[in-house]
1. Summing Lys, Arg as +1 and Asp, Glu as -1, what charge do residues with Cβ under 15 Å from the Cβ of A:Asp282 carry, A:Asp282 excluded?
2. What distance in nm lies between label points placed 7 Å from Cα along the C-beta direction at B:Lys27 and B:Ser6?
3. Based on the Cβ-Cβ distance from A:Lys61 to A:Ala167, what FRET efficiency comes out when R0 is 56 Å, to the nearest 0.05?
4. Considering every residue in A:285-291, what mean count of other chain Cβ atoms within 10 Å of its Cβ is obtained?
5. Could you compute the FRET efficiency for A:Glu259 and A:Asn177, with r as their C-beta to C-beta distance and R0 at 25 Å, rounded to 0.05?
6. With labels modelled as points extended 7 Å from the Cα through the Cβ direction, what inter-label distance (nm, one decimal) is found for A:Ala20 paired with A:Asp42?
7. Let me check against my output: what whole-number percent is the relative contact order of the stretch A:67-114, with C-alpha pairs under 8 Å and at least 6 apart?
8. Of the residues A:Val108, A:Val246, A:Val172, which exhibits the maximal mean-square fluctuation in a Gaussian network model of chain A defined by a 10 Å Cα contact cut-off?
Amino acid sequence: MSPRHRQMATEALHENETLASLKSEAESLKGKLEEERAKLHDVELHQVAERVEALGQFVMKTRRTLKGHGNKVLCMDWCKDKRRIVSSSQDGKVIVWDSFTTNKEHAVTMPCTWVMACAYAPSGCAIACGFKQFSCLSLPSSWDYSGLDNKCSVYPLTFDKNENMAAKKKSVAMHTNYLSACSFTNSDMQILTASGDGTCALWDVESGQLLQSFHGHGADVLCLDLAPSETGNTFVSGGCDKKAMVWDMRSGQCVQAFETHESDINSVRYYPSGDAFASGSDDATCRLYDLRADREVAIYSKESIIFGASSVDFSLSGRLLFAGYNDYTINVWDVLKGSRVSILFGHENRVSTLRVSPDGTAFCSGSWDHTLRVWA
Amino acid sequence: MSGSSSVAAMKKVVQQLQLEAGLNCVKVSQTAADLKQFCLQNAQHDPLLTGASSSTNPFRPQKV
């Protein structure tokens, strides 16, 4: 063997030893983590809630139906004014509604585009939309449908009838695959996005600059939620890798990860205190993860529920968890006791999105049946 | 080349696990009690839970 070959062989041997020792270190750390987590698991949530008074019968009905989309509703968000709603659809339309009167206040249409995600800015003066664009060769070239692919755009809302809402859009985020979710942070100035490219990212709206990126998911990221502002700068994301990950927004570091779901996580939402979060998954269950105990503490499931949960949100006190499912229903769960307290019928196709209003007086669901419903 | 990138990837995995192992975790009996407490304390301010009356809920029909 030549000296050069001997050197390469020795280096390869060192690398193999390093890889082997790192692997065994990883295994032993994993073992320790499981041991520590098991020690803390001294009781179940529903046991602690045994003596809590059971909830009575719920009368929740559809109070408003919002009709106007021409295809599946994919996403919706409430304005902080507790009355306006923005919704987006597979027909490329984004509509802003007054939920009290059901009037449409604004509408934008993007041709050949699925508007996968939409969010209201905290000021109420703008909305953000995340796209997945398809090529369209037969449209007039005068339409501006350029560069919508995999982007998140911010549209200022104007009541000037002469202003074309689409003309003032700002392209903010750029991913290498579809945008699945977007959310403003505490101000109109920053946007958090989740993408089919497996990453999340934080952007400056004014400059479009990437401020921080979050790598760690092993597949498409489908959802995200920001921690309530009092609890600091973190957010949780869920993905097709069955993982829910909690991130530090400043460092880009994953601080906690949970992998107990058996399929894609479609929705994640923080508990109002910020100490826990819920998830909804294609495995037909919703789960509650406690951040301080660093483990799953409740599963919301029934043998009769076999379709995926697409979207979840808490009532104001965190006692109720509303979950929309692919079997067209909405199940209402007692978060503490783990039991279902109500099942709501009305939608005529999958429920794809669900959010409780900012003051907790109602919740809105969007569906593949082209409509949105406000329940109270 | 593939050798050194698996070592780098493995190092990241170990670093992440070390980070997670360093967390100060609390017993479920304590955290669950806190979750319960939060629910109970805020229950009366939860309109969907209490079924707020028509006069205060803008979505519910007015009583004639």
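1. Numbers: positive: A:Lys242, A:Lys243, A:Arg287, A:Arg350; negative: A:Asp220, A:Asp241, A:Glu259, A:Glu262, A:Asp264, A:Asp283, A:Asp327.
It works out to a net charge of -3.
2. Each label point is offset 7 Å from its Cα along the Cβ direction, giving 4.4 nm.
3. Efficiency, from the Cβ-Cβ distance: 0.90.
4. On the way: counts 0, 0, 0, 2, 0, 8, 4.
Whole-number average of other-chain Cβ neighbours for A:285-291 is 2.
5. Numbers: r = 22 Å, r/R0 = 0.88.
Given R0 = 25 Å and the Cβ-Cβ separation, E is 0.70.
6. The two pseudo-label positions are separated by 4.2 nm.
7. Values: 90 pairs, mean separation 13.8, N = 48.
Worked out over the stretch A:67-114, it gives 29 percent.
8. A:Val108
Since every read-out is calculated from the coordinates, none of them should be taken as a lab result. All of these numbers come straight from a predicted model, not from anything done at the bench. Every residue, glycine among them, receives a Cβ derived from its backbone with ideal geometry; neighbour counts consider all protein chains shown.
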